1. Which is surrounded by 18 or more Cβ atoms within 10 Å (Cβ to Cβ) and not β-branched (Val, Ile, Thr), of Asn226, Asn243?
2. For segment 410-430, which residues satisfy the criterion of being over 19 Å from Ala380 (Cα atoms) and more than 46 Å from the chain's Cα centre (by Cα)?
3. Tell me which residues, restricted to segment 240-275, are β-branched (Val, Ile, Thr), in a helix (DSSP H, G or I) and over 12 Å from Glu292 (Cα atoms).
4. Across segment 95-122, which residue is farthest from the ligand (Cβ to nearest atom) among those that are assigned to a helix (DSSP H, G or I) and crowded, with 24+ Cβ neighbours inside 10 Å?
5. For segment 395-408, which positions are farther than 21 Å from Lys378 by Cα and not basic (Lys, Arg)?
6. Please enumerate the residues belonging to segment 344-358 that are out of contact with any Ser or Thr (no Cβ under 8 Å at 6 or more places or on another chain) and surrounded by fewer than 18 Cβ atoms within 10 Å (Cβ to Cβ).
7. I want to confirm something. Restricting to segment 427-436 and keeping residues that are of a type outside the set (Lys, Arg) and in contact with a strand residue (DSSP E or B) (Cβ under 8 Å, 6 or more places away or on another chain), which single residue is surrounded by the most Cβ atoms within 10 Å (Cβ to Cβ)?
Amino acid sequence: MSQKKIASARITETSSKLLQELNNSLPFDKLLYREDIEGSRAHAYMLAEQGIISKEDYAQIEKGLVEIYEEIESGEFLLDGDDEDIHMAIEGRLTQKIGDAGKRLHTARSRNDQVALDFRLYVQKNTKKIANLLLQNIETLLRVASENSETLLPGMTHLQHAQPINFAYHLMAYASMFKRDYERFMSSYERNNYSPIGCAALAGTPHPINRKTTAERLGFKAPTLNCLDTVSDRDFALEILFNISTMMMHISRLSEELILWSASEFRFVQLSDKHATGSSIMPQKKNPDIPELLRGKTGRVNGNLVALLTVMKGLPLAYNKDMQEDKEGVFDSVKTALLSLEVLNEMIDEMSVNVEEMNRACMIGHLSATDLADYLVKEAGIPFRDAYHITGNVVNMAEEKGLDISELSFDDLKSIDERITKGVVELLDNRASMNARQSEGGTSSIRTQEQIVLLNSWLKSQR
Ligand code: ARG
């Protein structure tokens, strides 16, 4: 079988099979064929407009590229040859189709700015896709939250029952994280919305190109400032990797809670059968594989981030072939992020909330103990540290009686300290405790509903 030479005028010998295996990126960068064709069409348009190539050559290039796009989409052109990369494969096919005009496409361009362009277009496109899916997840969380602002839930610290909160409040914590994730993706989008094409190999080009034309045609705000930077840096790719890692860390924490909440010990939620699987040996089992996978996939996206940071850290300017290692991790993280967000949205949308069980769990752990201490400080003028100890005695009494402190009678309470007055009995009720937390951003039903309204109007402003 004839082996292709690596793209070069200087290399006369056919390259070794092993070199090709190490060097060729076509097996993975073929994913960039849309961006490559889009970029080449804009570049050719600009070359013709600037009089660098003839209108006739441009017409042929444009027609050829559109045909190649269709050939790839239909599976007629498989991109499985021994071309070095997607750029060489498409240029090669173009030249095969239209001859000399095809050979003019690479005027005033290098694969260094070409790959920087293709990859950036890919990252920008997928940044928007991920951001939109985040909005969808926020919308779903808001829907479930708006149905649950009265649903009591034990709020925890150290995974120990702490204070009563409501379920909507808990979900709104995640909605807030996803809002920041969304903003992080969008600010990366804005920061990186500059066109790399026309930077050529590293120093620009003597041809009278117009980078504003290509930037505009490709939907960028403007051309990048400095060509040496443009062909050398991959911080735009690192940004999407970091943004995905942070988002997946949030998804992973929510997944962990869904796993716990669907265990027999909690039974706070039930995942729909669609999102649970059985065991091959234990017929009674329903396993939360989906949230487990979302939690598990966080590992690989973190790996992709660290891998690219490591690839980039020692590279002198400008392009180095090490940088070909930038793509696979990003493709993998993007695919993981898109799928994870779609699955998460469906899972939250279809899970059922077990209000009774959440309520029952609030009767464990004396959740309103802090309210008693606060009450003793506020109403009886007792110093906090003393109030804290009195409350401790009340808790001990409840434990001895096998009750929650909210179930103790006024007489019980009074026997611990004379200064306790009747009003405290209502205060120790878990719902009253939750609703007492009316400070801004707090868990009371009213404050939670306020958060839902605010986030809802923010959501509308983004669409
Ligand atoms: N396949 C290469 C990459 O992904 C394209 C750029 C190659 N440039 C070069 N000068 N060899 O990075």
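1. Asn243
2. Passing the criteria: none in range.
3. Ile240, Ile244, Thr246
4. Arg120
5. Passing the criteria: Asn396, Met397, Ala398, Glu399, Glu400, Gly402, Leu403, Asp404, Glu407.
6. The answer is Glu346, Glu356, Glu357.
7. Going through the qualifying residues, I end up with Met434.
A quick yes/no check of all residues on (1) at pLDDT 95 or above; (2) more than 12 Å from the ligand (Cβ to nearest atom); (3) assigned to a helix (DSSP H, G or I); (4) in contact with a Phe, Trp or Tyr (Cβ under 7 Å, 6 or more places away or on another chain):
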| position | (1), (2), (3), (4) |
| --- | --- |
| Ser15 | no, yes, no, no |
| Leu19 | no, yes, yes, no |
| Glu38 | yes, yes, yes, no |
| Ala48 | yes, yes, yes, yes |
| Ile61 | yes, yes, yes, no |
| Leu65 | yes, yes, yes, no |
| Glu70 | yes, yes, yes, no |
| Gly81 | no, yes, no, no |
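The values are calculated or read from the model by the stated rules, or taken from the named source; none is laboratory data. No experiment lies behind these values; they were computed from the predicted model shown. Neighbour counts are summed over all protein chains in view; Cβ atoms, including those assigned to glycine, are modelled from backbone coordinates with ideal geometry.
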